[in-house]
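Visitor: Have a look at the structure that comes next, please.
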Amino acid sequence: MRLWDKLALIALVVLAIIGKYAGDDTVDPRAGSARRPDPGRFAPAQPGAPPSTDEPGVMVPVGDKQQSSSGTAFSIDSSGIWITARHVADGCDRIVLQKTGRQFVRVDRVRHHPNADISILWTRNGVPALPLLQQPLRPNQDGYSFGFPKGEPGDVHAKLIGRTKMHQRGRYRTNEPVVAWTHVRRVPDIGAHLGGISGGPWVNEEGRILGVHVAGNPRRGRSYATAPASLRAAFTQAGLSDSGASRNLERISVTPRNFPTIGDRLRKNLTIAKVLCLVGERWR
């Protein structure tokens, strides 16, 4: 064997040995991104207990508001107190709730939760409110979310699968426990985009609020909601009892069959409303 052939053979052996022991730093295209975590990574739901420090997190960027956008809000007190997602209401020049067509209700005051994706809105008049859940969440329980995905009426039926942490980075920073849901059915089931349902409620079969819809990845059939403790803190921040509103409540019964009808009813009554974040625009 010639000298150059021997050197080439030695080089191939050395490269093979290095390749065997060196780590592979490539990204597996099948693995979920920070916005799309593997459902197997969720810790089992332990309602009422804080998340453990070793749980994986969901990283969500919060960019600057460059243009007007829409989301969902829901009534928590008939005097005119609403909740939406902070990333919907933060950074707006003006916020309004849409009634019908070109009719709007001006939001007079906004308060953001310091470490959760929740904002509280105040208007001069209110509508029937949704009651707050008092019992702990249960693994695999049904949940229903209503709102305005892509600016149009839409609803989701899902099952609770666990909990994780959500880290928002950008124009503000939060680190909060969130509840993870896996989708069972969406109405309408069109596309893989649910933007606009953010800020809408997650409720149980009695219509009691479980959390606020704050993030998700519909392509993988996942959504995230604020933890019950964050929601109770928001009620207290709004000057309400953490047991929720006590008068003029919506009384509903939700099932896997009727949840789209219930969503339409809540939107018609404006208990669930489209919220518009106006940036650089004048509102009349």
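Visitor: Can you name every residue in the range 237-260 that is under 22 Å from the mean Cα position of the chain (by Cα) and either modelled with pLDDT of 90 or more or aliphatic (A, V, I, L, M) (or both)?
Guide: Of everything in the range 237-260, those that are under 22 Å from the mean Cα position of the chain (by Cα) and either modelled with pLDDT of 90 or more or aliphatic (A, V, I, L, M) (or both) turn out to be ALA238, VAL254, THR255, PRO256, PHE259, PRO260.
Visitor: Please tell me if SER241 is of a type outside the set (A, V, I, L, M), out of contact with any helix residue (DSSP H, G or I) (no Cβ under 6 Å at 6 or more places or on another chain), assigned to a loop (DSSP other than H, G, I, E, B) and under 19 Å from ASP142 (Cα atoms).
Guide: No, not satisfied.
Visitor: Taking the criterion of being among the aliphatic types (A, V, I, L, M) and over 19 Å from ILE76 (Cβ atoms), would at least one residue in the range 133-146 satisfy it?
Guide: Start the filter on the range 133-146 by keeping residues that are among the aliphatic types (A, V, I, L, M), which leaves 133, 137.
If we keep only those that are over 19 Å from ILE76 (Cβ atoms) too, we end up with none.
Within the range 133-146, not a single residue is among the aliphatic types (A, V, I, L, M) and over 19 Å from ILE76 (Cβ atoms).
Visitor: Would you confirm, using the coordinates I've provided, whether GLU152 is without any contact (Cβ under 8 Å) to a residue 60 or more places away in the chain and either touching a Pro at 6+ places or on another chain (Cβ under 6 Å) or not small (Gly, Ala, Ser) (or both)?
Guide: Criteria met by GLU152.
Visitor: Identify, from the list GLY216, GLY162, GLY199, GLY170, the residue that is free of Cβ contacts under 8 Å to residues at least 40 places away in the same chain, of a type in the set (Gly, Ala, Ser) and in contact with a strand residue (DSSP E or B) (Cβ under 6 Å, 6 or more places away or on another chain).
Guide: GLY216
Visitor: Quick check: is even one residue across the range 92-102 in a loop (DSSP other than H, G, I, E, B), modelled with pLDDT under 95 and farther than 25 Å from GLY263 by Cα?
Guide: yes
Visitor: If you take the residues of the range 35-83 that are at pLDDT below 75 and not in a loop (DSSP other than H, G, I, E, B), which of them is surrounded by the most Cβ atoms within 10 Å (Cβ to Cβ)?
Guide: Keep residues of the range 35-83 that are at pLDDT below 75, which gives 35-56.
Now restrict to residues that are not in a loop (DSSP other than H, G, I, E, B): 39-41, 43.
Numbers: PRO39: 14, GLY40: 8, ARG41: 14, ALA43: 16.
It comes out as ALA43.
Visitor: Which ones in the range 114-165 are among the polar types (S, T, N, Q) and under 16 Å from the mean Cα position of the chain (by Cα)?
Guide: Residues satisfying the conditions are ASN115, SER119, SER145, THR164.
Visitor: Exactly one of (1) under 21 Å from ASN115 (Cα atoms); (2) without any contact (Cβ under 8 Å) to a residue 40 or more places away in the chain; (3) of a type in the set (Asp, Glu) is unmet by GLU176. Its number?
Guide: For GLU176, the exception is condition (2).
Visitor: For the range 138-152, give me each residue that is buried (at least 21 other Cβ atoms within 10 Å of the Cβ) and not small (Gly, Ala, Ser).
Guide: TYR144, PHE146, PHE148, PRO149
Every residue, every condition in (1) among the small types (Gly, Ala, Ser); (2) out of contact with any Pro (no Cβ under 7 Å at 6 or more places or on another chain); (3) within 14 Å of ALA129 (Cα to Cα); (4) surrounded by 14 or more Cβ atoms within 10 Å (Cβ to Cβ), yes or no:
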| residue | (1), (2), (3), (4) |
| --- | --- |
| PRO228 | no, yes, no, yes |
| ALA234 | yes, yes, no, yes |
| SER253 | yes, yes, no, no |
| ASN269 | no, no, yes, no |
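Visitor: With (1) touching a Leu at 6+ places or on another chain (Cβ under 8 Å); (2) of a type in the set (Gly, Ala, Ser); (3) surrounded by fewer than 24 Cβ atoms within 10 Å (Cβ to Cβ) as the list, and ALA129 as the residue in question, which single condition is left unmet?
Guide: Here ALA129 clears every test but (3).
Visitor: Would you check which residues across the range 186-210 are crowded, with 20+ Cβ neighbours inside 10 Å and of a type in the set (S, T, N, Q) and list them?
Guide: Within the range 186-210, just SER198 meets the criteria.
Visitor: Take PRO177 and decide whether it is surrounded by 18 or more Cβ atoms within 10 Å (Cβ to Cβ) and closer than 19 Å to VAL127 by Cβ.
Guide: no
Visitor: Does HIS183 satisfy the condition of being loosely packed, with under 15 Cβ neighbours inside 10 Å and within 14 Å of the chain's Cα centre (by Cα)?
Guide: So HIS183 does not fit the description; no.
The values are calculated or read from the model by the stated rules, or taken from the named source; none is laboratory data. In this text the structure is predicted, and so the values were computed from the model without any measurement. Methodologically, a virtual Cβ is constructed for each residue, glycine included, from the backbone with ideal geometry; neighbour enumeration extends over all protein chains shown.
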